[in-house]
1. For a label point 7 Å from the Cα of A:Gln29 along Cα→C-beta, name the residues of segment A:63-83 whose backbone N is under 11 Å from it.
2. Between A:Thr82 and B:Phe12, what is the spin-label point distance in nm, taking each point 7 Å from the Cα along the Cα→C-beta axis?
3. Taking A:Lys66 as the anchor, which aspartates and glutamates have their alpha carbon closer than 19 Å to its alpha carbon, excluding any fewer than eight residues away along the same chain?
4. Heavy atoms only, probe 1.4 Å: what % of the accessible area of segment B:1-59 goes to carbon and sulfur, would you let me know?
5. Find the accessible area per residue for chain B; the probe is 1.4 Å, ligands and nucleic acids are left out, and the unit is Å².
6. Between B:Gln83 and B:Asp26, what is 0.36 nm times their sequence separation minus the Cα-Cα distance? Round to one decimal in nm.
7. Here are some pairs, A:Lys14/A:Lys41; A:Lys41/B:Lys3; A:Lys20/B:Lys38; B:Lys16/B:Lys38; B:Lys3/B:Lys73; A:Lys14/A:Lys55; which of them have Cα atoms lying more than 22 Å apart in this structure?
8. Please find the FRET efficiency linking A:Val3 to A:Lys66, where r is the Cβ-Cβ separation and R0 is fixed at 25 Å, and quote it to the nearest 0.05.
Amino acid sequence: GAVVSQHPSWVICKSGTSVKIECRSLDFQATTMFWYRQFPKQSLMLMATSNEGSKATYEQGVEKDKFLINHASLTLSTLTVTSAHPEDSSFYICSARDPGLAYEQYFGPGTRLTVT
Amino acid sequence: AQKITQTQPGMFVQEKEAVTLDCTYDTSDPSYGLFWYKQPSSGEMIFLIYQGSYDQQNATEGRYSLNFQKARKSANLVISASQLGDSAMYFCAMREGRGSARQLTFGSGTQLTVLP
């Protein structure tokens, strides 16, 4: 079946540095990928919709200059957390839908970011 | 208004018994899909079951069934013969409209604990 991978699975960085998270669709082409953030014991909140070859669409309240999204190919989207702060510590999950299938939407395994 | 409402923050069930996790939704779009995902402590999102708004019959997948009551706008998940491995967070989600660029909106989740 379709698989979405994320790298790294966890990362610890110092405050003020930038971190890049990669999301890949392994056996299908994803024109659209979604980035979610999840705080402990809370639900998944959509941050942005990543569109291949065009600018991402950000949800209200999400700073696009802080969370840079690039979707340069049909199988890769990246999320860069710039000038990270401790409050950015969270679980980041990407998701993609195989346009060739009826409704399935697949999730990556997530990236746990800790900013010290 | 909340699009997806899960009113049970936590549920307990005895092993081998059935359990129902509640989910209600709100949409004015006649075309929508309802999803249930399981999230164990590892963080991965595991797809369980899907119900389309035009589907006439309730969806079933092995031990999972979706009790779809369209007029009440409810999509409860029923897990039969609970197993210890079913202990996890369960999320109900909805996707409105058609097209691969439509995002999933999640409920707040229900933490299910299966007791031996």
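1. Flagged as within label range: A:74-75.
2. With each label placed 7 Å out from Cα toward Cβ, I get 5.0 nm.
3. A:Glu22, A:Glu87, A:Asp88
4. 47
5. Result: 48 Å² of accessible area for each residue.
6. 17.4 nm
7. Details: A:Lys14/A:Lys41 24 Å; A:Lys41/B:Lys3 19 Å; A:Lys20/B:Lys38 27 Å; B:Lys16/B:Lys38 18 Å; B:Lys3/B:Lys73 11 Å; A:Lys14/A:Lys55 28 Å.
In this structure, A:Lys14/A:Lys41; A:Lys20/B:Lys38; A:Lys14/A:Lys55 exceed 22 Å between Cα atoms.
8. FRET efficiency, A:Val3 to A:Lys66: 0.30.
The values are calculated or read from the model by the stated rules, or taken from the named source; none is laboratory data. Source: prediction; values computed, not measured. Cβ atoms come from the backbone with ideal geometry, glycine included; neighbour counts cover every protein chain shown. Quick note on the areas: whole protein, heavy atoms, side chains included, nothing else; ligands and nucleic acids left out. Shrake-Rupley method; radii C 1.70, N 1.55, O 1.52, S 1.80 Å.
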